[in-house]
Amino acid sequence: MTEPAEPAEQTTPDDEHAHEHAGGGAAEAEAGAERLERAVRAAEQALIEFEVAVETFRIEVDNFSRLHHQRLGPMYSRLDELDALIAEARAERTGDPEDKRRADEARALVMAMPGVEELFGGWLDSDGLSPEAADMLTGRPVSPPPRVRPSEEARRLYRELARMAHPDLAQDEHEADRRGAFIARVNTAYAKGDVAELTALKAEWEAGPAPEEPRRTRNEELYERLEWLAQRKELLVSVAKQLEEGAIGQMLKLAPEDPDRLLEEIAEELLARVEEKEAQLAELARG
């Protein structure tokens, strides 16, 4: 007599529903991860574009600041000196203690002769004195610093390098230090608009050690990346605001396409003020 066969396992409608739900849940999780990935990539691209714009504006502000100081600095110094001389002449004539106090205050505002480190701050590099410093020491006319506006190719390379080598992509402190030092070199090359150097830096990075495998789950990594991108955006907004609200940024807003002409106009106004104060000083001397 044969043994009765074991009854076949019955599949209930609830079991089928649970299986379908599990499959649907996995698909939904995968779709959610893909959406998160796309959001991170979009945020990264937007941040890089914004960072390039802020860095470009910073370069323009720095260049204009140097030009402003070089061309107009002597005029401002002369005006301060004339104010002090006028106040001193008036105090000597009147003997009034209040005039003497004003004279002392005016003299205190006259900038002292800068020391060597101040005079050549930022002008010394691995190659020695810059052309501007060399011209000053040899008595030749000081050539104006170059106006750098990074080209589209320089901006493209800067975006790629920022995306690949940013220190916040590091998995440990040693890697963060390596990336930080590298990005500092990238920023220097971008500030000079040096496409050849940026190209060389890209090749150097691509030939470097491969990044370590991520130690977190992909979703955790993506959420952390989104959080960092938001924080970085806030920082850049703050930097951009400071640049725009600064004196040089405000000047650039007045003549974004021709800042050199703005400098000429300011120089003409300062020269008129110098002539006016020199006439006032001469009149006090005659009296």
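The values are calculated or read from the model by the stated rules, or taken from the named source; none is laboratory data. It should be emphasised that the depicted structure is a prediction, and the values quoted were computed from it without experimental measurement. As a convention, Cβ positions derive from the backbone with ideal geometry for all residues, glycine included, and neighbour counts pool all protein chains shown. Note: areas computed on protein heavy atoms with side chains; ligands, DNA, RNA excluded. Shrake-Rupley method; radii C 1.70, N 1.55, O 1.52, S 1.80 Å.
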### Summary
Residues whose built amide H sits under 5 Å from the amide H of His166, excluding neighbours closer than 5 in sequence, are none
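So what's the stretch 154-258 giving for Rg/Rh, alpha carbon basis, Kirkwood Rh from the mean inverse pair distance?
Result for the stretch 154-258 is an Rg/Rh of 1.05.
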### Rg/Rh (Cα only; Kirkwood hydrodynamic radius) as it applies to the stretch 56-108
1.32
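What does the charge count around Ala162 come to, taking other residues whose C-beta lies under 12 Å from its C-beta (Lys +1, Arg +1, Asp -1, Glu -1)?
Taking every other residue near Ala162 into account, the sum is +1.
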### the stretch 196-287 - accessible surface per residue (Å², probe 1.4 Å)
70 Å²
### Message
I'd like to check one number: the per residue accessible area of the stretch 37-87, probe 1.4 Å, reported in Å² as a whole number.
### Response
44 Å²
### Summary
Along the stretch 82-90, Karplus-curve 3J(HN,Hα) (6.51, -1.76, 1.60; θ = phi - 60°) to the nearest Hz, with x for Gly and Pro, reads 5, 4, 5, 5, 5, 5, 5, 5, 5
### Message
Place a point 7 Å from the Cα of Ala53 along the Cα-to-Cβ direction; which residues of the stretch 218-254 have their backbone N under 18 Å from it?
### Response
229-246, 249-250, 252-254
## Note on the structure
For Lys253, the lysines lying under 18 Å Cα to Cα, once residues fewer than eight places off in the same chain are dropped, come out as Lys241
### Task
Could you please report the charge total around Glu275, scoring K, R as +1 and D, E as -1 over all other residues with beta-carbon less than 12 angstrom from its beta-carbon?
-1
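Can you sort Tyr76, Tyr223 by solvent-accessible area, 1.4 Å probe, largest first?
Working: Tyr76 85, Tyr223 145 Å².
Ranking Tyr76, Tyr223 by accessible area, largest first, yields Tyr223, Tyr76.
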### Task
Note down the magnitude of the dipole of the stretch 144-203 about its Cα centre, charges +1 on Lys and Arg C-beta and -1 on Asp and Glu C-beta and zero elsewhere, to the nearest 20 debye.
380 debye
#### Entry: Net charge contributed by nearby residues that have their C-beta within less than 15 Å of Ala91 (K/R +1, D/E -1)
-2
